[in-house]
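Remarks on the structure that follows.
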Amino acid sequence: MSMQPIKRGLAALALMGLALPALAQTTVSDAWVRASVPHQQSTGAFMTLTASSDSKLVSVASPVAKTVQVHEMTMNGDVMGMREVKAVELPAGKAVTLDPNGLHVMLMGLNNQVKEGDKVPLTLTIEDAKGAKETLDVQAEVRPLNAEAGGGHDHMHMKH
């Protein structure tokens, strides 16, 4: 008789163990948003995503903008253009960087100016190969207009 509760407890623990990886599948690093100037309607958000299993970024939302889309820089001859991408493939274990020169997130219809030093909340929706969705809340730091990806020229946080 006394074995039942223990077995049930172990089964519940095993199930919890199985559920854990699904919660922490994708990590986001170096998330940042380019500062905007007054009355500017849009800006870009950039980050590096690493998924633990084959997944894709299917949507991004932010309270600071009316519309958020993932765009891809395209070169057609020598004309640079942008097009919306419905999903960004995130191969297992491979860091995928959204940067100003490639895939990036566009925040359009800004409610307010995005100022350097602010934090912009972004909600990413990631879908894995099985169709399971996870949402990630990211606080992206706002960097100056002339910031480059990687932030190599940022001496503010260095101890001299």
- Query: When you go through (1) of a type outside the set (Gly, Ala, Ser); (2) within 24 Å of Glu116 (Cβ to Cβ); (3) touching a Ser or Thr at 6+ places or on another chain (Cβ under 6 Å) one by one for Val58, which number turns out not to apply?
  - Reply: (2)
- Task: Could you please let me know if Thr27 is modelled with pLDDT of 95 or more and either in a strand (DSSP E or B) or surrounded by fewer than 15 Cβ atoms within 10 Å (Cβ to Cβ) (or both)?
- Result: no
- Message: List pairs: first residue in the stretch 73-98 and part of a strand (DSSP E or B), second residue acidic (Asp, Glu) anywhere in the structure, Cβ distance under 7 angstrom, at least six positions apart or on different chains.
- Response: Met82/Glu72; Arg83/Glu72; Val85/Glu72
- Query: Does the stretch 80-96 contain at least one residue that is under 14 Å from Asp30 (Cβ atoms) and either open to solvent by 50 Å² or more (accessible area, probe 1.4 Å) or at pLDDT 95 or above (or both)?
  - Reply: yes
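The values are calculated or read from the model by the stated rules, or taken from the named source; none is laboratory data. Bear in mind that the values here come from a model prediction, so they are computed numbers and not experimental data. Quick reminder, even Gly has a Cβ in these numbers, built from the backbone with ideal geometry, and neighbours come from all protein chains shown. Only protein heavy atoms, including side chains, enter the accessible area calculation; ligands, DNA and RNA are left aside. Shrake-Rupley method; radii C 1.70, N 1.55, O 1.52, S 1.80 Å.
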